[in-house]
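Enquirer: Here it is: the structure, laid out below.
The values are calculated or read from the model by the stated rules, or taken from the named source; none is laboratory data. In this text the structure is predicted, and so the values were computed from the model without any measurement. Cβ coordinates were reconstructed from backbone atoms using ideal geometry, including for glycine residues, and neighbour counts include every protein chain displayed. These accessible areas exclude ligands, DNA and RNA; they are computed on the full protein's heavy atoms, side chains included. Shrake-Rupley method; radii C 1.70, N 1.55, O 1.52, S 1.80 Å.
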Amino acid sequence: MATNHLKDPDATLDWIFDWSQWLAPTENITASVMVVSPGINLESSGFSASTATAWVSGGTEGRVYQVSNKITTNQGRIDERSITIRVTNR
């Protein structure tokens, strides 16, 4: 299920995927891949033991875009979460 967020077309914002509630006590993220819808820009991304961050810019006012984060953990589990970003003048 995607979560909705708002973004101005001129803004560059960070979106954090917090995996801490899903990870087991000794589990951590070992790989993270971000994918964005065409029309919005992934400026950079990174991850820590329990979170992954995407820096996103651009987009057209009135359009909706998706940012997906697929992670792999040190226990071999793989999962993917998505957020929806609605671009609007703020």
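Enquirer: Ordering 18, 79 by accessible area with a probe of 1.4 Å, largest first, what comes out?
Expert: 18, 79
Enquirer: Could you calculate the contour length gain from residue 77 to residue 60, that is, 0.36 nm times the residue separation minus the distance between their Cα atoms, to one decimal place in nm?
Expert: Here the answer is 2.6 nm.
Enquirer: Can you say what percent of the DSSP beta bridges in the chain, counting only those with both residues inside, are antiparallel? Round to 5.
Expert: In the chain, approximately 85 percent of DSSP beta bridges are antiparallel ones.
Enquirer: On to the next question. Probe radius 1.4 Å, ligands and nucleic acids ignored: give me the carbon and sulfur share of the accessible area of the chain as a rounded percent.
Expert: 48 percent
Enquirer: While we're here: Accessible area, 1.4 Å probe, largest first: how do 14, 8 sort?
Expert: 14, 8
Enquirer: Also: Once the whole set of protein chains is in place, how much accessible area is left on residue 43, using a 1.4 Å probe, in Å² to the nearest 10?
Expert: The value for residue 43 is about 110 Å².
Enquirer: Find the accessible area per residue for the chain; the probe is 1.4 Å, ligands and nucleic acids are left out, and the unit is Å².
Expert: 58 Å²
Enquirer: With label points built 7 Å along Cα→Cβ from the Cα atoms of residue 5 and residue 49, find their separation and express it in nm.
Expert: For residue 5 paired with residue 49, the spin-label model returns 2.4 nm.
Enquirer: Could you work out the relative contact order of the chain, using alpha carbon pairs under 8 angstrom and six or more residues apart, expressed as a whole percent?
Expert: Answer for the chain is 39 percent.
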